[in-house]
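**Student:** Would you mind keeping the following structure in view while I ask a few things?
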Amino acid sequence: MLGYITQQDLSQYPAKSVFFMMGSESLDYVPLVSPDDDPYSTRKIRGIRSKWREKIHIGIILLQACVLVFLLFINLRGANCQPIYVDRPLLYSPAQEALENEVKVFTVGREEKTIYQGFDNEADRAWGDLYNHTLLKISRNEAALLPNKTYPIYGEGGYYLAGLDVFHQLHCLHVVRHALYSDQFDDPHADPEHVSHCIDAIRQSLMCNADISVNVWQWSQELSAVVGYSSQAHSCRNFDKLRDWARERRIHEWIDIRLFVEDDLPDPPIIS
């Protein structure tokens with residue numbers, strides 16, 4: 001509300017009160033609040049906005065830096081993925097530390113033969129070298145982590161019998177090979193019952209470790225037709241590393257399987 005007051009009346013009000021003097025030049029205009037004290041001052045609002053803009057800019061810069069660091073990490077990880085190490089399997093195996101992936105191109109084995117083809121003594125020795133001397137020992141701590149219980153070694157306190165199934169599978173395939181060339185090899189293990197067991201063990205292993213490498217077809221100029229191409233690349237585990245790992249732990253002494261050994265290792269929680 002607008003009005004007229006006297007100099008005497010003005011003394012009753014605080015210095016920062018405001019009056020609109022109409023028709024009087026004897027009184028000065030006194031603002032109610034100074035710009036520094038006014039929370040809605042334009043100058044203060046501009047200052048607040050400026051500070052928020054500064055914080056937003058800093059946040060954007062930090063976010064961009066984090067994204068760049070993450071992309072750099074992914075790029076470096078991808079550049080150094082040779083060899084590629086596989087993820088942890090569902091079940092524990094002490095050989096996990098030896099797992100390493102590699103790319104291999106399979107040999108067709110027709111024009112170019114491998115040392116494992118044929119039935120001469122040299123091929124037989126090569127087959128035996130794949131899995132011989134691979135019965136190994138593992139520590140008590142490793143045995144306790146297995147999904148199946150294994151047996152302690154007599155005279156080797158704290159160690160247990162073990163073997164990697166890949167070597168059993170190779171042994172089985174070798175038995176089938178001997179049965180196929182029965183006129184060349186006198187193998188007592190190549191009886192029909194054992195061969196039947198081995199064939200089905202290999203079947204289960206192939207299905208368990210399903211190879212998802214892609215077979216392809218290509219045009220053959222020689223046959224003037226599309227034919228299957230067998231020399232494609234496969235994602236494999238480095239077999240040599242696994243075999244070396246097993247041989248470093250192999251059992252050198254003969255195991256007397258008739259000796260009973262007391263064992264207080266608890267049954268595993270999954271499979272006994």
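**Student:** Which of the residues spanning segment 87-130 are modelled with pLDDT under 90 and among the aliphatic types (A, V, I, L, M)?
**Tutor:** If the condition is that a residue be modelled with pLDDT under 90 and among the aliphatic types (A, V, I, L, M), then L90, V108 are the ones that fit.
**Student:** Consider G228 against the criteria (1) in contact with a strand residue (DSSP E or B) (Cβ under 8 Å, 6 or more places away or on another chain); (2) surrounded by 12 or more Cβ atoms within 10 Å (Cβ to Cβ): it satisfies all of them except one. Which criterion is unmet?
**Tutor:** The one condition G228 does not meet is (2).
**Student:** Right, something else. Go through (1) under 23 Å from R125 (Cβ atoms); (2) without any contact (Cβ under 8 Å) to a residue 12 or more places away in the chain one by one and return the number of the condition H168 breaks.
**Tutor:** H168 satisfies all of (1) under 23 Å from R125 (Cβ atoms); (2) without any contact (Cβ under 8 Å) to a residue 12 or more places away in the chain except (2).
**Student:** Kindly indicate the residue of segment 93-121 that is charged (D, E, K, R) and over 30 Å from T150 (Cα atoms) and also nearest to the chain's Cα centre (by Cα) among those meeting that condition.
**Tutor:** The residue in question is E102.
**Student:** Might you let me know whether segment 209-223 holds any residue that is exposed (fewer than 10 other Cβ atoms within 10 Å of the Cβ), within 19 Å of E100 (Cα to Cα) and among the small types (G, A, S)?
**Tutor:** Yes.
**Student:** To continue, here is another question. Looking at (1) exposed (fewer than 12 other Cβ atoms within 10 Å of the Cβ); (2) under 22 Å from P89 (Cβ atoms), which is the one condition that is false for L242?
**Tutor:** Exception for L242: condition (1).
**Student:** Working only within segment 90-128, note down all residues that are surrounded by 14 or more Cβ atoms within 10 Å (Cβ to Cβ), outside any loop (DSSP other than H, G, I, E, B) and small (G, A, S).
**Tutor:** Within segment 90-128, A95, A98, A123, A126 meet the criteria.
**Student:** Okay, moving on. Taking I202 as meeting all but one of (1) in contact with a Ser or Thr (Cβ under 7 Å, 6 or more places away or on another chain); (2) under 16 Å from H174 (Cα atoms); (3) of a type in the set (V, I, T), write down the number of the exception.
**Tutor:** Condition (1) is where I202 drops out.
**Student:** Looking at segment 156-208, which of its residues are assigned to a helix (DSSP H, G or I), small (G, A, S) and touching a helix residue (DSSP H, G or I) at 6+ places or on another chain (Cβ under 7 Å)?
**Tutor:** Scanning segment 156-208 gives A179, A201, S205.
**Student:** Would you mind stating whether D240 is in a loop (DSSP other than H, G, I, E, B), out of contact with any Gly (no Cβ under 7 Å at 6 or more places or on another chain) and under 28 Å from D129 (Cα atoms)? I'd like the intermediate steps shown before the answer.
**Tutor:** Details: in a loop (DSSP other than H, G, I, E, B): no; out of contact with any Gly (no Cβ under 7 Å at 6 or more places or on another chain): yes; under 28 Å from D129 (Cα atoms): yes.
Against the criterion (in a loop (DSSP other than H, G, I, E, B), out of contact with any Gly (no Cβ under 7 Å at 6 or more places or on another chain) and under 28 Å from D129 (Cα atoms)), D240 does not qualify.
**Student:** Being touching a Gly at 6+ places or on another chain (Cβ under 9 Å) and of a type outside the set (K, R) is the requirement here; does W217 meet it?
**Tutor:** Working: touching a Gly at 6+ places or on another chain (Cβ under 9 Å): yes; of a type outside the set (K, R): yes.
Yes: the conditions hold for W217.
**Student:** Inside segment 167-184, can you point out the residues that are among the hydrophobic types (A, V, I, L, M, F, W, C) and exposed (fewer than 15 other Cβ atoms within 10 Å of the Cβ)?
**Tutor:** L180
**Student:** Now a separate question. Taking segment 249-263 only, how many residues are within 38 Å of the chain's Cα centre (by Cα) and either loosely packed, with under 10 Cβ neighbours inside 10 Å or at pLDDT below 90 (or both)?
**Tutor:** 3
**Student:** What number of residues in segment 209-230 are in a loop (DSSP other than H, G, I, E, B) and of a type in the set (F, W, Y)?
**Tutor:** Going through segment 209-230 one residue at a time, the tally reaches 0.
**Student:** Can you pull out the residues in segment 147-163 that are of a type in the set (S, T, N, Q) and under 10 Å from I255 (Cβ atoms)?
**Tutor:** Result: no residue meets the conditions.
The values are calculated or read from the model by the stated rules, or taken from the named source; none is laboratory data. Bear in mind that the values here come from a model prediction, so they are computed numbers and not experimental data. Cβ atoms come from the backbone with ideal geometry, glycine included; neighbour counts cover every protein chain shown.
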